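Read-outs throughout are calculated quantities, based only on the coordinates presented, and are distinct from any laboratory measurement. Values in this document were obtained by computation on a predicted structure and should not be read as measured data. Glycine gets a Cβ as well: all are built from the backbone with ideal geometry, and neighbour counts include every protein chain shown.
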Ligand code: ADP
Ligand code: ZN
C-alpha cells in the first residue's frame with residue numbers, strides 16, 4: 001500500500017524525526033562558507049534547538065543569498081563528493097546552482113518514487129516525461145524517480161508534439177509528466193490531427209512546475225480522460241518531489257520527513273495562523289552536499305487544516321496561488337493571474353490559452369485579457385461573440401474587482417513558450 005515506511009509516520013514521530021534531522025542539518029551546513037559565517041554571526045549551533053519552534057531563531061535564507069553564494073559557497077562537503085549540479089529555470093532572474101552528492105540523488109529519487117507510487121503508478125506502467133531535461137529539475141528529477149519505481153521510462157523532453165504523440169501511441173504510455181500549459185496545447189494538437197485525446201491509454205498525469213487552477217485540472221481530466229495530480233517542487237529543495245497530491249486530490253502532502261516547512265507573512269516574516277495564506281519557507285532535512293536552511297520560496301500557499309482521508313499525517317499545502325512576485329497591482333487592487341485563470345477555465349466557450357496585458361495611459365492602469373475562443377464558437381456571428389465578451393468581462397470583474405478589457409482571439413493564436421507559460425505582459429512604465 002505504501003512505497004516508503006516514512007509515509008505512515010504519526011505526527012509525533014514526524015516531529016521527533018524533524019528535530020533530530022534539523023540538528024544534523026545545522027551541524028552539516030556549518031561547514032559551508034555561507035552558513036559557517038551566518039551561524040557564527042548569530043551564535044547558532046545544533047544546541048540552539050530545543051524544539052522545532054526554535055528554528056525561528058535562525059535567519060532566513062533568501063534567493064539573493066543563493067545568488068550571492070554562486071557558484072559554490074553553500075557546499076557543505078568538498079566539491080569532489082558532488083556528482084550533479086542543477087540550476088533553477090531563472091524565471092525571476094539569475095539562476096541559482098544546486099549540487100548533489102550520490103546519496104542526495106538517491107534520497108531525491110526515493111522521494112519522487114514515493115510520490116509516483118502514491119498516485120497509483122506501478123512498475124508495469126510506461127511513463128513518458130514531457131518536461132525539458134538539462135538544468136531544469138523536472139527532467140532528470142522525475143526521470144530517476146520513475147526508473148527507481150521501475151516504470152519503463154521514456155525521456156521525451158519538451159516540445160515536438162508530433163513526436164510526443166507518436167511515442168504516446170507506439171509505446172502505449174499510461175503515465176506522463178507534463179506542465180499544464182503544454183498539456184492544454186497538446187490537446188489542441190491531437191484534435192487537429194483528428195485524434196481524440198481520450199482515446200490515448202494515458203491514465204495518470206503528474207502536472208506541475210507552474211501554477212494552475214482546479215478548473216484547469218478539471219479540463220485536463222475531461223479532455224484526456226485521465227487523473228491529474230498536482231506536483232510541486234523547486235530546484236533549491238531538489239526539484240519535484242517536495243509536495244504531491246495523493247489520490248484524494250485535496251491538497252499536496254509535503255514530505256515532512258524530508259523538509260521542514262513554515263508559512264510566514266511575506267512582509268513581516270512572522271508565522272501566519274494555521275490555514276492562512278502566506279509564503280512557504282523550507283529547510284532541507286536530508287541533503288548532505290548542500291543543505292539549505294529556512295529558504296524563502298516566494299511561493300504563496302497555506303496549510304490545509306484537518307487530517308487527510310488517505311491517513312497520511314504529513315501536512316498538506318493548498319494549490320499554489322503563485323509567487324509573491326506574480327501579484328499585479330492594478331488601479332490599487334491586488335490581483336493574481338490564477339484568479340483570472342479560474343474564471344476563464346470555468347467557461348466552456350473559452351479555449352486553452354490566455355494572456356494578461358497591463359498598460360498605463362499616463363493617468364490610469366489598464367488591464368486587458370486576451371482570450372482564445374474554441375474554434376466552434378469563434379465561427380458564431382458577432383452578436384454572440386459580443387455577448388460572450390461581456391459575460392467574461394463581468395465574471396472577471398466579480399473576481400478581481402476591476403473591469404478588464406476582454407479581447408477574443410482565435411484559438412492557437414496567442415504566443416506559447418516551450419517551458420513555463422508567461423501569463424502576464426506588463427507594458428507599464430516603471
Ligand atoms: P524558477 O524559480 O526559476 O522557475 P524552478 O525551475 O526551480 O525555478 O521552479 C520552481 C518554481 O516553480 C516554484 O518555486 C514555483 O513557483 C513553481 N512551481 C513548481 N511547481 C508548481 C506547482 N505545482 N504549482 C504552482 N507553481 C509551481
Ligand atoms: Zn492524502
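Here are a few things to note about the model shown:
- Projecting label points 7 angstrom from Cα along Cα→Cβ for residue 412 and residue 203 puts them 3.2 nm apart.
- Beta bridges by DSSP in region 327-426, antiparallel share as percent, to the nearest 5: 55 percent
- Most mobile of 350, 371, 333 in a GNM of the chain (Cα contacts under 10 Å): 333
- Taking one quarter of the surface of the C-alpha convex hull of region 72-145 gives a mean projected area of 6.0 nm².
- With respect to the chain, whose longest principal axis is taken over its alpha-carbon atoms, helix 102-118 is tilted by about 50°.
- Extension gain for residue 10 to residue 398 (0.36 nm times residue separation, less C-alpha to C-alpha distance): 135.4 nm.
- In degrees, nearest ten, helix 180-192 long axis to first principal axis of the chain (Cα): 40 degrees
- Cα-based helix-to-principal-axis angle, 214-224 vs the chain, degrees rounded to 10: 70 degrees
- Gain upon complete extension [residue 172, residue 147; 0.36 nm per residue less C-alpha separation]: 7.3 nm
- Placing dummy labels 7 Å off each Cα toward the beta-carbon, the span from residue 31 to residue 270 is 3.9 nm.
- For region 327-426, the Stokes-Einstein estimate of translational diffusion at 20 °C and a viscosity of 1.002 mPa s comes to 154 µm²/s, using the Kirkwood hydrodynamic radius over alpha-carbon pairs.
- Using a Förster distance of 56 Å, the FRET efficiency for residue 73-residue 391 (Cβ separation, nearest 0.05): 0.55
- Set of region 320-355 residues, backbone N closer than 16 Å to the point 7 Å along the Cα-Cβ line of residue 376: 347-352
- Angstrom value of the Kirkwood radius, inverse mean 1/r, which spans all Cα pairs in region 1-51: 12.5 Å
- Distance (nanometres) between label positions extended 7 Å along Cα→Cβ at residue 48 and residue 327: 2.8 nm
- Extents of the chain, largest first, come to 72, 57, 40 Å (Cα atoms, principal axes, whole angstrom).
- Overall dimensions of region 45-192, expressed as equivalent-ellipsoid semi-axes from the Cα gyration tensor (√(5λ), whole Å, largest first), are 35, 19, 15.
- For region 234-365, dividing the convex hull volume of the Cα atoms by the residue count gives 157 Å³ per residue.
- Values of log10 I(q)/I(0), in the order q = 0.12, 0.18, 0.21, 0.31 Å⁻¹, for region 202-254 under a Debye, Cα-only, solvent-free model: -0.26, -0.56, -0.75, -1.28
- Relative contact order of region 59-174: 22 percent, from C-alpha pairs under 8 Å at least 6 residues apart in sequence.
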